[in-house]
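For reference, the structure is listed below as structure tokens.
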Amino acid sequence: MSDRISVAKTYKLYIGGKFPRSESGRVYPVTDSKGKFLANASHASRKDVRDAVSAARKAFGGWSAATAYNRGQVLYRVAEMLEGRREQFVAEVSASEGVAAKKAQSIVDASIDRWVWYAGWTDKIATVLGAANPVAGPYFSFTVPEPTGVVGVLAPQQSSLLGLVSVLAPVLATGSTAVVVSSADRPLPAITLSEVLATSDLPGGVANILTGRAAELGSWLASHADVNALDPTGAEPSARADLARDAAGTVKRVLTVPDAEPDWTADADMARLRRYLEAKTVWHPLGV
């Protein structure tokens with residue numbers, strides 16, 4: 001019996017809840033940590049970035065207006081789907097990051113737990129970060145947190161799943177929407193995550209995942225007038241000043257991130273949640 005030739009996969013982008021090919025028609029090979037071919041991934045273009053931002057903006061109104069409890073339920077459903085595809089994620093993390101299966105299992109488990117952690121914060125953010133302000137006069141004064149809008153995320157280059165979850169989940173938990181550029185050399189966990197998002201309850205356009213190079217796509221996200229914030233974690237440290245200048249043209253928020261990737265296994269905190277929220281203060285006269 002002759003050896004069978006396997007069918008090589010060519011993965012697509014995830015934009016607006018659908019899986020289109022890159023407008024450019026470009027693809028690039030994805031290999032494991034030892035250089036063995038795994039699949040082809042779409043190489044996103046500037047047009048794909050614009051399409052993804054448009055989808056994120058269209059989805060923002062409905063996602064931000066949903067109740068905090070509902071957003072938490074939707075995100076928890078994503079965690080359930082992650083758990084259901086745990087073995088696939090373990091295999092992809094092991095191949096992508098060159099770690100043993102046992103280490104990959106701990107990374108995947110931490111990623112699922114991290115997603116659940118952020119899902120649990122959706123209906124607690126207002127209580128913790130909001131305030132009833134003492135004022136002089138016959139008024140109520142409240143400060144409430146509101147989502148900032150569309151967030152461009154350059155995902156970590158080394159931590160293909162745990163790092164990705166750690167930068168994406170807080171964006172969605174606050175009620176913002178996201179356009180993510182995955183790790184260029186380790187995109188398979190991000191692609192599988194996009195399949196999880198597509199088959200969960202998350203509305204199309206809330207999270208959009210592009211495969212490609214942060215060095216190419218980052219500046220277009222930073223300069224896009226309909227992007228409200230940028231997380232440059234996956235960009236080269238030498239490129240971050242240029243991204244900040246590009247972002248300044250549309251007065252968007254740029255997160256301050258360390259030069260080296262942080263230890264994503266460390267306990268999460270509220271820092272990333274705070275960065276995607278705006279404070280709105282409301283004054284209301286007291287009734288007679």
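The values are calculated or read from the model by the stated rules, or taken from the named source; none is laboratory data. Keep in mind it's a predicted model, so treat the numbers as computed, not measured. Neighbour counts run over all protein chains shown; Cβ positions are idealised from the backbone, glycine included. Ligands, DNA and RNA are excluded from the accessible area calculation, which covers all protein heavy atoms including side chains. Shrake-Rupley method; radii C 1.70, N 1.55, O 1.52, S 1.80 Å.
Annotations
- Extending 7 Å from the Cα toward the beta-carbon at both Lys36 and Ala126 defines two label points whose distance is 5.1 nm.
- Net charge in the neighbourhood of Ala215 (other residues with Cβ under 11 Å of its Cβ; Lys, Arg +1, Asp, Glu -1) is -2.
- Segment 36-76 and segment 159-190 have Cα centres spaced 10 Å apart.
- The H on the amide N of Ala207, modeled in the peptide plane, is under 5 Å from the matching H of Ala178, each at least 5 residues off or on a different chain.
- Accessible carbon and sulfur surface of segment 94-177 relative to its total accessible area, %, 1.4 Å: 60
- Spherically averaged projected area of the chain from its Cα convex hull (nm²): 17.5
- Over 25 Å between alpha carbons, listed pairs Lys9/Lys36; Lys9/Lys58; Lys18/Lys47; Lys12/Lys36; Lys12/Lys102: Lys9/Lys58; Lys12/Lys102
- Per residue solvent-accessible surface (Å²) - segment 1-145, probe of 1.4 Å: 57
- Highest-MSF residue in the chain out of Val251, Val196, Val227 [GNM, Cα springs under 10 Å]: Val251
- Label-to-label distance for Ala8 and Thr250 is 3.5 nm, based on points extended 7 Å past Cα in the beta-carbon direction.
- The Cα center of segment 243-288 and the Cα center of segment 94-156 differ in position by 11 Å.
- Local electrostatic count, Ala198, Cβ distance below 14 Å [Lys/Arg +1, Asp/Glu -1]: +2
- Evaluated with a Cβ-only charge set (Lys, Arg +1; Asp, Glu -1), segment 1-138 carries a dipole of roughly 480 debye about its Cα centre, given to the nearest 20.
- Rounded to the nearest 20 debye, the dipole magnitude of the chain is 560 debye, with +1 charges on Lys and Arg beta carbons, -1 on Asp and Glu beta carbons, and the Cα centre as origin.
- Residues of segment 100-116 with amide N under 16 Å of a point placed 7 Å along Cα→Cβ from Thr265: 100-114
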